[in-house]
Structure formats: structure tokens, C-alpha cells
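The values are calculated or read from the model by the stated rules, or taken from the named source; none is laboratory data. Here the structure is a predicted model, which means the values were calculated and not measured. Counting neighbours? That spans all protein chains shown, and the Cβs are built from the backbone with ideal geometry, glycine included. We work out accessible area using only protein heavy atoms, side chains counted, and drop any ligands, DNA or RNA first. Shrake-Rupley method; radii C 1.70, N 1.55, O 1.52, S 1.80 Å.
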Amino acid sequence: MITVVIATRLRDDRLDYLTAMHASLTRQSVPWEAVIALDGASPDRLPAPLAQDPRVRTLALPRPVGAACARNLALTHIRTRYVNWADDDDEFTDDAMSVRLDILESTGVGWCAGWSQDQHPDGSTTLWRCPTPPGRHQAGEVWTYWKSPADTIPIGPTTILARTDLVRAAPMGGLVQGEDYCAALGVTVSRALANWLVVSRSSCRRTIGPAA
């Protein structure tokens with residue numbers, strides 16, 4: 001049902017995060033698979049739990065091309081109806097996919113997003129509530145909750161579960177930083193979305209770590 005796309009360079013300081021991400025995927029109650037875009041990294045460095053999981057496929061790029069390009073190349077390997085971006089230091093709460101998938105399947109909307117949490121080194125978390133209130137929104141309306149470029153973006157990019165065709169229509173932007181924000185905004189205003197949009201109360205937990 002869902003493909004999770006993750007770009008990584010398999011840096012030593014992020015391998016434990018990636019392993020934790022995979023563990024959070026194994027706790028999901030809906031069918032999923034993952035495409036790991038190896039941004040110039042050797043597949044031999046992939047942690048064993050991921051390398052041994054048949055649901056995890058790798059796209060080994062011969063040289064580093066950057067997170068945005070790596071993720072967009074991985075889009076060509078998706079074979080499911082829905083897709084979810086993720087960083088190699090993210091974790092999903094146990095119901096993150098099932099809650100959002102249920103909304104997508106029951107309403108027929110194009111994408112659904114949830115709230116996220118920052119996980120601190122001591123294990124505590126801080127819940128981030130996006131400016132967009134939970135509920136149904138018309139196409140393009142989510143953008144209106146971003147009043148100023150200085151404000152926080154109205155949707156957390158890795159909390160978006162979307163139809164694959166919409167994500168392909170609004171992929172990652174090739175920015176120096178924040179390319180996932182560009183993709184999130186692209187989905188919110190995509191002309192391909194004729195139905196209503198939904199923001200749910202499901203969440204995706206994001207660990208604190210070095211920038212990708």
C-alpha cells in the first residue's frame with residue numbers, strides 16, 4: 001500500500017537512526033515497503049536489519065547527487081499507490097501510517113498529513129502542532145496558513161502520506177537545504193488535486209540529530 005522513500009549517505013553517526021527508523025516501520029499495521037536511495041554510499045554499509053528485510057529495496061547511486069536528486073530518482077522505483085518521504089533519522093509512531101491511510105482510503109483525498117514530535121537525546125519529546133488545523137481543507141488552502149516566509153511552514157514534510165502520482169507531480173526541489181519543504185508546498189498547491197485535503201491527528205516522530 002505504501003512506499004517509504006529514504007535518501008541516505010550511510011554516515012556512521014546516522015546508522016543507528018536508520019536502524020531505529022526501520023524498526024518503527026516493522027511496527028506498522030499496514031503493508032509497506034521502502035526504497036533506500038544510497039547517495040553515493042556502498043550497499044555493503046546498509047545495517048543488517050534493513051539489508052535482510054525483503055520489503056526494503058536499495059537504489060545505489062554511483063556518486064553523491066544530493067538528497068533531493070536521490071529522492072526523486074527513487075520515485076521511479078515506487079510501485080505502490082501511496083508514498084511517504086522520510087529522512088534517515090526519522091521514526092514513525094505505531095499508528096502513523098494506518099490512521100492516515102484510513103483517511104485516504106475512506107475519503108478519496110489526495111494526501112493526508114499529521115503532527116510530528118522532536119525526540120531529544122534524553123528520550124523526551126516535544127510535540128509540534130502545525131498551523132493548519134486538523135480536518136478537511138480545499139485544494140491550495142493549506143498554503144494560506146503560511147502567513148510569512150519567516151513563519152513555520154504549515155505542514156511537516158515527512159508527515160505527508162500522499163498519492164504517488166501527486167508526489168511525482170511535485171517532487172523534491174533541488175535546494176541547498178529544505179528541499180523537503182519545497183515538496184510539501186508543491187503538494188499543497190498541486191493542480192492535480194481536485195478533491196479535498198485532510199490533515200489528521202496521526203504523527204511521525206522525528207529524532208534530533210545532525211543535519212543530512
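Amide H contacts of residue 34 (H built 1.01 Å from N, in plane; Pro and chain starts excluded): 4, 56, 57 sit under 5 Å, all sequence-distant by 5 or more or on other chains. Expressed in units of 2.2 N^0.38 Å, where N is the residue count, the Cα radius of gyration of the range 86-178 is 1.15.
In terms of Cα atoms, the Rg and Dmax of the range 1-51 work out to 11.0, 32 Å. Here the contact order of the chain, divided by its residue count and restricted to Cα pairs under 8 Å and six or more residues apart, works out to 26 percent.
Working from Cα positions, state the angle (0 to 90°, nearest 10) between the long axis of helix 15-26 and the longest principal axis of the chain. The helix 15-26 is inclined about 60 degrees to the chain. If only the Cβ of Lys and Arg carry +1 and only the Cβ of Asp and Glu carry -1, the dipole of the range 72-186 around its Cα centre is close to 620 debye. Remark: the range 44-57, residue by residue, has Karplus-estimated 3J(HN,Hα) of 5, 8, 5, x, 3, x, 6, 4, 9, 8, x, 7, 9, 10 Hz, where x stands for each Gly or Pro and the curve is 6.51 cos²θ - 1.76 cosθ + 1.60 at θ = phi - 60°.
When only the Cβ of Lys, Arg, Asp and Glu is charged (+1, +1, -1, -1), the dipole of the chain relative to its Cα centre reaches about 600 debye. For the chain, with all protein chains in place and a probe radius of 1.4 Å, 52% of the accessible heavy-atom surface sits on carbon or sulfur.
What is the extension gain from residue 19 to residue 98, computed as 0.36 nm multiplied by their sequence separation minus the C-alpha to C-alpha distance, in nm to one decimal?
Values: separation 79, 0.36 × 79 = 28.44 nm, distance 2.10 nm.
That works out to 26.3 nm of additional length.
For the range 1-130, the per residue solvent-accessible surface stands at 43 Å², with DNA, RNA and ligands left out and a 1.4 Å probe. Principal-axis analysis of the Cα atoms of the chain puts helix 179-188 at an angle of about 30° to the longest axis. Reported to the nearest whole Å, the Cα centre-to-centre distance from the range 78-104 to the range 126-151 is 19. The helix-based estimate of mean residue ellipticity at 222 nm for the chain, built from -39,500 (n - 2.57) per DSSP H run of four or more residues and divided by its residue count, is -7000 deg cm²/dmol to the nearest 500.
Using the Cα atoms as the points, what is the convex hull volume per residue of the range 1-136 in Å³? Don't skip to the end; give the middle numbers.
On the way: hull volume 16.5 nm³, N = 136.
Convex hull of Cα atoms, per residue: 122 Å³.
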